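To start, the structure itself, in structure tokens.
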Amino acid sequence: MLVGQSADDIGGIVGRNDSYSALLNLNYNLFKGGADFARQKETAELSVKAMEIRNRTIREVIESMQLSWNALQTAKTQLSFLQGHVNAAVETEKLYREQFLLGKRTLLDLLDAENEMLNAKNSYIEGQYNVRFAKYRVLNSMGQLTQFLKVPLPAAADAQWKTVNTSLPMSAQNVESQLGNNA
């Protein structure tokens, strides 16, 4: 606090009289040895660590979602190629069977064609499961898998989920329509 005073002819003294005073109030706990400052510094460091963990978690969630989405797109692309392979293998087996009956193909050729057809069908079925699994990965990375599968949550988790779920941009129904109804 700063105070200044100026006056003329005070107390019988002729002339100008100026007086200034300053008051400094310092409150420092000498007996704690800087514990208050150390606690403030520790709290600030913990806050920074919490923000770093939050930011890392956000990055990991985004990365997981991107990887899951890319896996889904890749599986869908592969599925169309696998379907083409099945169609070609079925047609080849059909033609080889006709040629075998006419005596133009050996039994070994026919069996190879049938084996190729079965392998193509197996690959296609595996591709269908890859698409389904990729859809589940996308749902899981969005936190929607249990809701999509209609798996009941324990009461405590359900209450917490309802609180979190209100802030999510997509519901399970929206996700299902985005991914396709045959997840």
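Structure notes:
- Using C-alpha pairs under 8 Å with a sequence gap of at least 6, the mean separation divided by the residue count of the range 61-145 gives a relative contact order of 49 percent.
- Anisotropy class of the range 61-145 from Cα gyration tensor, a/c 1.5 cut: prolate
- Segments 109-121, 127-139 sorted - mean Cβ within 10 Å per residue, highest first: 127-139, 109-121
- The range 34-101 has equivalent-ellipsoid semi-axes of 65, 8, 4 Å, by the square roots of 5 times the alpha carbon gyration tensor eigenvalues, sorted largest first.
- Environment charge of Glu52, counting only residues whose C-beta is closer than 15 Å and scoring Lys/Arg +1, Asp/Glu -1: +2
- Residue-count net charge about Arg97 - beta-carbon cut-off 15 Å; Lys, Arg +1, Asp, Glu -1: -4
A short reminder: the numbers here are calculations on the coordinates, not readings from a lab. Because the structure is predicted, anything quoted here is derived from the model rather than measured. Using ideal geometry, Cβ is built from the backbone for each residue, glycine included, and neighbour counts are taken over all protein chains shown.
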